[in-house]
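Every number in this text was worked out from the coordinates using simple rules, so none of it is lab data. Computed from a predicted structure; not experimentally measured. We place every Cβ from the backbone using ideal geometry, glycine too, and count neighbours over all the protein chains shown.
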Amino acid sequence: MFSEDIPEDLKDTELLDLTLVKDVRTGRSTKPPKEAKLRELLDVGNLVGRLENRMVTVVTASDLVNVGQLNFIASQEDEAKLWCEELFSLATNLLSHNLNRDHSLLKAYIKLTLQPNAEGKIPVKNIGRLFSLDRKRIENALEICKLPYGRVSKS
């Protein structure tokens, strides 16, 4: 499938900040799909080991209420264990949670540049999501910096 064949609403890139990862699980603590057909589909082929032991569940939370889970499937049990250990190690690194201002801004810049629209530009809505600001404040800040904003670039 080519990128021009993908509908616009599905082209949004979603990134996960490692500081939002609260737990990484494998084995009995994972939640295999409830649908039997999907479980069968994931459990066939030349994959080694039980489905639960090949699954890695990443638990994310921005606060105590908004908890989410992402599930990944490895081809082998030992691969899933390695993913789990390494990802948990990265997520619990206290230095990554206490970035200085320059590193925080660099992180925000990288996150924004990884989410361009079809024209290769950063949408104002992505800036709003990242900084929790309203559109008018973002456009004012971009105008002060003499950067293009809105649907049509202003000179």
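Per-structure values
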{"item": "Residues of segment 96-132 classified as of a type in the set (A, V, I, L, M) and under 16 Å from the mean Cα position of the chain (by Cα), total", "result": "6"}
{"item": "Pair list, Cβ under 9 Å, 6 or more apart: segment 101-118 residue of a type in the set (Lys, Arg), other residue part of a helix (DSSP H, G or I) and surrounded by 11 or more Cβ atoms within 10 Å (Cβ to Cβ)", "result": "111/126; 111/130"}
{"item": "Qualifying residue in segment 127-145 (condition: surrounded by 12 or more Cβ atoms within 10 Å (Cβ to Cβ), of a type in the set (S, T, N, Q) and under 28 Å from residue 23 (Cβ atoms))", "result": "no"}
{"item": "Residues of segment 74-124 classified as acidic (Asp, Glu) and in a loop (DSSP other than H, G, I, E, B), total", "result": "1"}
